[in-house]
Amino acid sequence: MPRTLSYALAAIGFAMLLAAHNRAADSVPTPKASTESSGAAAYGLWPIYDQSLKNAKYIDLTHTLTPSIPVWKGFGPSTFGPALGAFTGRSQHLNISALIHNQMFKS
C-alpha cells in the first residue's frame, strides 16, 4: 500500500474517531455537584473506581533490570553498557554538574 494512501486512511480514521467522540460528549449530561460524602462525580470513571478498584489488591509485576534478568531465549543474553548517540554511535555521558549549572545560571 502506498505511503500516501496509508496516511490518508489514517487521517480519515482519526477524523471519524474525533467526530464520534464529539457526538458522544454532546449526549452526556453535564455532571452536577455531588452530594456524596466522597465527593466523586456522578459521571465518568469515578464510579468504576469506587465500585471496583478502590478496595482492590495490587501486585507489583515490575522487575529490576540487571544483567542476570531472565529473558526469552530468542532475545539472547542481556547486555548492558553506556547509551549510544543515535547519530554519532558514540557513548553519551550525562554531566549532572553541567546541567545543574546551566539551569541555575540561565541568562
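Treating r as the C-beta distance of Met16 and Thr79 and R0 as 35 Å, the FRET efficiency rounds to 0.20. As a proxy for reagent exposure, ranking Met104, Met16 by other Cβ atoms within 10 Å from fewest up yields Met104, Met16.
Taking amide H positions as modeled 1.01 Å from N, with prolines and chain starts lacking one, no residue 5 or more places away or on another chain lies under 5 Å from Tyr43.
Which of rounded, prolate or oblate describes segment 56-101 when judged by the alpha-carbon gyration tensor and an a/c cut-off of 1.5?
Numbers: a/c = 3.29, a/b = 1.43, b/c = 2.30.
Cα axes put segment 56-101 in the oblate bin.
Across segment 68-107, the residues whose backbone nitrogen lies under 20 Å from the label position 7 Å along the beta-carbon direction of Arg3 are 87.
Only the coordinates and a few stated rules stand behind these numbers; no lab work does. None of these values were measured; they are calculated from a predicted model. When we count neighbours, we look across all protein chains shown, and the Cβ atoms used for this are built from the backbone with ideal geometry, even at glycine.
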